[in-house]
Every structure is written in C-alpha cells, then in structure tokens.
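The values are calculated or read from the model by the stated rules, or taken from the named source; none is laboratory data. Note that the structure is predicted; figures quoted are calculated from it, not measured. Glycine also receives a Cβ, built like all others from the backbone with ideal geometry; neighbour counts cover every protein chain displayed. To get the accessible areas, we keep the full protein, side chains included, count just its heavy atoms, and leave off ligands, DNA and RNA. Shrake-Rupley method; radii C 1.70, N 1.55, O 1.52, S 1.80 Å.
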2 protein chains.
Amino acid sequence: MSEQQLDVVAQRFRVLSDPMRLKILHNLRDGELTVGSLVNATGASQPNISKHLSILRGAGLVNRRQDGNMAYFSIGAPFVFQLCDIVCEGIRKEFEQKQSTFR
Amino acid sequence: MSEQQLDVVAQRFRVLSDPMRLKILHNLRDGELTVGSLVNATGASQPNISKHLSILRGAGLVNRRQDGNMAYFSIGAPFVFQLCDIVCEGIRKEFEQKQSTFR
DNA sequence: TCATAATATAACTATATAATTATATGGTCA
DNA sequence: TGACCATATAATTATATAGTTATATTATGA
C-alpha cells in the first residue's frame, strides 16, 4: 500500500470519526431525511448539520436530492454500517478480554 | 444506538484516521516488530512512533511484548485490515461512479 | 416582485492533536 | 556500579477542525 493510498484511507476514517456525523448516518438508516428533520433529530444547529452533510457528501457517504426548496439526504454507501458493526464487535471483544483479566 | 456508543465508535475511527498509524499497522501485517524497526520502516522519529503505538495500544489495535530492553509490537485486532479493505472497496466504487459521469 | 422558508456558506473561536525537542525510565553488559 | 542502548514521557508548537453567529443563496407562493 502506497503512502498516498494510506492518506486517502485515513481521510475516510477521519470523516467517520465524529459522533455527530455518525448520528446523522444513524438517523438516515431508515430512509432519506431533509436537513430540517436531521436538525430536529440530532438537536444540532442547522449550519452545523449542513456542514457535516457536505463533509459526508464529499466522501460519498450520503446522496443529496433537491425537491422544491428542501434537500433530501440519504445513505450513499451502505458499507458504513458494516464498518460500524465490525468496530462494535471489536469493542465488545476488547471489553471481554479486559473483564477476563479480573476473573 | 446511544449517544455514548456513538462516541466510542467515533473514537475508534479517529484512531484509524491517521496515515502514520495506518502505516504502522501495515508494517505489522507480516509479524511483530520492535519500535526501532518501525522507526526505520516508517522514517518517523522514535518518540513519534512510541506515541502512535501507545494510542494504538489504548484502542486494543496492537499488542506489546517486552524482551530484554526491546519492545515488540504486533497486530492486536486483525479486523482492522477488514475495515481497510471495505473502505478501499468503497473508494474504488466511488471513483468508478465519478468516472462514469464523463462517459 | 416581495416576503418567507429551507439550506448553504463565511468568518470566527475554542479545542484537539500530530510532530518536534529534550529528558526520563528501564534493561543489559562490562 | 557505571556506561550505553532501546523505549517512553513531558513540554511545546503548529495545524486541523467542530461549533457558533451572521449572512448569502435558492425556491415558493401571495
């Protein structure tokens, strides 16, 4: 793997390394939502959500569809959930190991 | 998924979001290495490598074994390579889509 | 066309963190 | 014990970025 490839991969992980962005992706799991809906669902400010959405879009993780004066966002790369599942599984195993140290 | 869970998952992605850490993991793919070997392999400074290794260790991604006055590090969670593969595949598909826009 | 609603962008601030330099710790062997 | 080697930690600096406030853009409907 080349230096450049590692940079690109690291950049993708960075996009996923923010709780609010994960929260947005999580909320989109059941289907597309408008920016306003995401603002309500997350409790974050509208500019904040817009910015996160543009970052997610830059990484191809969400798609944007405009209808009237509303923008609908949806999951663009379902593999993100696969990634989260693997990470969660890893965290679980790690806890188990740490626990077993005390048994 | 709870707020707290999202925080933990985001934190894990953050650990993987640095090119030098990915480089270290990549170098460990063929087996354990000492800090010195990793310094040589990566071209980074010794304190820098030590710090990255401690971050990786904190996330359970590498294991440490001491022998004499040398520390041997090895992959602690093989699933990281699975994660990278999925991300790489995602990047490839994204390029394909962007390319097809011009055909 | 004007007022309004939804979203996006810009400028700014505060915080997190990667890398460097200097120093400390811990082990080995004479 | 004392010199040396490998690794770890501390302090510092520079940069990246999340969030806020204010403003711009774009679309709708009276």
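For the reader, a short list of remarks on this structure follows.
- Across the range A:32-68, the qualifying residues are those that are β-branched (Val, Ile, Thr) and farther than 26 Å from residue B:98 by Cβ, and the one among them that is nearest to the other protein chains (Cβ to nearest Cβ) is A:42.
- The range A:1-22 residues that are small (Gly, Ala, Ser), paired with ones that are part of a helix (DSSP H, G or I) (beta carbon under 8 Å, 6 or more apart): A:10/B:19; A:10/B:21; A:10/B:22; A:17/B:10; A:17/B:11; A:17/B:13; A:17/B:14
- Filtering B:6, B:16 for residues that are within 13 Å of DNA strand C (Cβ to nearest atom), in contact with a helix residue (DSSP H, G or I) (Cβ under 9 Å, 6 or more places away or on another chain) and closer than 23 Å to residue A:21 by Cα leaves a single hit, B:16.
- Any hit, the range B:20-36, residues being more than 13 Å from the chain's Cα centre (by Cα), more than 28 Å from residue A:95 (Cα to Cα) and within 16 Å of DNA strand C (Cβ to nearest atom): yes
- Residues that are more than 11 Å from every other protein chain (Cβ to nearest Cβ), in a helix (DSSP H, G or I) and more than 30 Å from residue B:28 (Cα to Cα) occur in the range A:12-31; there is at least one.
- Subset of the range A:51-103 [aromatic (Phe, Trp, Tyr) and out of contact with any strand residue (DSSP E or B) (no Cβ under 7 Å at 6 or more places or on another chain)]: A:79, A:81, A:95, A:102
- Conditions (1) within 14 Å of another protein chain (Cβ to nearest Cβ); (2) open to solvent by 40 Å² or more (accessible area, probe 1.4 Å); (3) more than 10 Å from the chain's Cα centre (by Cα); number of the one not met by residue A:87: (2)
- Taking each residue of the range A:36-64 that is assigned to a strand (DSSP E or B) and looking for partners that are open to solvent by 70 Å² or more (accessible area, probe 1.4 Å) with beta-carbon atoms closer than 7 Å, six or more apart or interchain, yields A:64/A:57.
Yes/no per residue for (1) within 30 Å of residue B:78 (Cβ to Cβ); (2) open to solvent by less than 80 Å² (accessible area, probe 1.4 Å):
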residue	(1), (2)
A:48	no, yes
A:55	yes, yes
A:60	yes, yes
A:66	no, no
A:73	no, yes
A:77	yes, yes
A:82	yes, no
A:92	yes, no
A:96	yes, no
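- Of the residues in the range B:25-37, not one is within 11 Å of DNA strand D (Cβ to nearest atom) and under 24 Å from residue A:8 (Cα atoms).
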